[in-house]
Amino acid sequence: MSVLSTLDWILIAGYFSLILGIAWWVIRQKTDTSDDYFLAGRNLGWFVVGASIFASNIGSEHIVGLAGSGATDGVAMAHYELHAWCLLVLGWVLAPFYMRSKIFTMPEFLEKRFSPTARWVLSVISLVAYVLTKVAVGIFAGGVVFGVLMPELNLFGLNSFWIGSILVIILTGIYTVLGGLRAVAYTEAIQTVILILGSVLVTWYGLEALGGWSELRRVAGSEMFNLWKPLVPAGMEGSWAPVKTQTTMAWYFNSNYPWLGMLFCAPIIGLWYWCTDQYIVQRMLGASSLKEARRGTIAASFFKLLPVFIFIIPGIICFALAISGKMEVISSTLLDSEGHLVNANAQQAFPLLVATVLPSGVRGIVVAGLLAALMSSLAGVFNASSTLFTMDLYSKFRPNTSEKGLVRIGRIATGIMVLIGLAWIPVIQGSRGLYDYLQSVQGYLAPPIFVVFFFGVFNKRLNAKGCLSALIVGFALGLFRLAIDTPVILTEGFSYKEGSFFWIINNIFFQYYSLAIFLISALVMVVVSYATEQPSYDHISGLTFGTVTVDQKAATRSSYTRGDIITSVLVVLLILAAYLYFNG
């Protein structure tokens, strides 16, 4: 039986009406040129840029996954959410290079900095990664939400997972196909407000049901609020072994996230995602000026601090309600017969809170927020994928295509992504192993992209041959690990012989393997570049710190104010305050 009341359904219908109304208004605006369709005419204000970046990042999989990790590991995963400082790096360090180069895509920047081949390689890898990760895990998490909130929903033989996924994919696809980035960005701005409001209400009512913040800390225990868990617990022999065994697993704070990996690898993945991924940066590229772009990233960094409190904390609340016995429905779902947490069921923490602690009406607002998260992340990947395909691949093969022709191809590419999303539903339905597996994919694909962008901007001597070598070697190492991992994850009962080469590779912590890819890619890029001819510095003028002109430096300095600096410093101070508070 559905936990949603008539009032809840009215509010959800109102949400869809609002989103589609905004999308219709935007669609009626001019979208005849590639600038209009793919970058919203490069005319977005800072709030829309910031809200759109945040909404693209926070999908249903983010909410479901973070709340689940809160229930199992407390605030451990807050390390990733406190990477809001990466957005400041985007706004202050890379935005001037991106904005002055007038690019549509991140691969296009690589072409300007290095070569057309580098652009093509990154475009293909990005498109494949989007299909395998962002679309797949987004739909999976949406299915979890619908399964908990509307378990009995059935139509034409389709269960709630199918009905909800198809409905959201199609509605999202319609306004993304017709309106391009402008429709995506403006609807995401509204969705951000709804998402934050709904999640704050879940935290509020959850704490009220439990008995307040102090009761949460007492029931859950101090370890659930500790970001600084000891590397080696008392009485145990320390080990820095990179391969997972029963011994080494015991002294890591989480089975897949060793401290060295969190310290050194997580920032690499964070900087890749926030500063070089088309999915995120495209929103900033649509800003009306460098000033609006930077302020948009600062606003997004403030928004990014919220998930710790509105997604992770609800997961801890759900865990506390379960072990305290105050909510029998939650206890029976999350705990086994001996009262121990069932980790496999922890992904239901957030929708469980929505179903049990929220009053009628409020529940409708929160479900609208969950739908907003799913729709915004899907819209983002649909739009980013169509931009990559149209501007980086199609326009290269058909360079004389008109502006209207490019827009038409962009819409067709978006429609194809929608169909791919629908085709993914039977593949991922109930495939929890696939969901967990895909979380490590970015750890294998991110390092070489991080290297070529950041090393390329900071060192003008690095050339196209070094860039291409780093990309090929880095991606080959990543695909090699994925090929070894896949049979273990997707084939029940399959395992490699312990101690064999494949077993060792499969059992290296994914963050350590990611670090190895980073170091090897960096070494390859530097060695190959310095062993071959230097690039033409006139050709890369303004694309590296060493080739920025005096006029370009002056333009950058005039694009920010003291207020921009103060707000950026405030973000850093808030991050430090969070680390100091969550110390157990």
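Observations
- The single condition among (1) touching a residue at least 12 places away in the same chain (Cβ under 8 Å); (2) surrounded by 11 or more Cβ atoms within 10 Å (Cβ to Cβ) that K553 does not satisfy is (1).
- Where helices (runs of 4 or more DSSP H) fall entirely within segment 289-367, those with at least 2 residues that are closer than 18 Å to G211 by Cα and either in the same structural domain as G65 (by TED's automatic domain parsing) or among the acidic types (D, E) (or both) are at 313-324, 328-334, 349-357.
- Boolean, L471 is more than 24 Å from the chain's Cα centre (by Cα) and not assigned by TED's automatic domain parsing to the domain that holds L122: no
- Segment 1-12 - residue that is of a type in the set (A, V, I, L, M) and more than 19 Å from I190 (Cα to Cα) and, of those, modelled with the highest pLDDT: L7
- Qualifying residue in segment 63-76 (condition: over 24 Å from I169 (Cβ atoms), modelled with pLDDT under 75 and either in the same structural domain as P307 (by TED's automatic domain parsing) or touching a strand residue (DSSP E or B) at 6+ places or on another chain (Cβ under 7 Å) (or both)): yes
- Meets criteria (of a type in the set (S, T, Y), farther than 25 Å from L110 by Cβ and either surrounded by fewer than 17 Cβ atoms within 10 Å (Cβ to Cβ) or modelled with pLDDT under 85 (or both)) for S255: yes
- Selected residue [within 20 Å of the chain's Cα centre (by Cα) and surrounded by 19 or more Cβ atoms within 10 Å (Cβ to Cβ)] from G364, G369: G369
- Taken together, Y37, Y98, Y80, Y15 contain a single residue that is modelled with pLDDT under 80, aromatic (F, W, Y) and assigned by TED's automatic domain parsing to the domain that holds F225, which is Y80.
- In segment 315-346, the residues that are out of contact with any strand residue (DSSP E or B) (no Cβ under 6 Å at 6 or more places or on another chain), of a type in the set (G, A, S) and buried (at least 19 other Cβ atoms within 10 Å of the Cβ): G315, A320, A346
The values are calculated or read from the model by the stated rules, or taken from the named source; none is laboratory data. Not measured: the values here are computed from a predicted model. We place every Cβ from the backbone using ideal geometry, glycine too, and count neighbours over all the protein chains shown.
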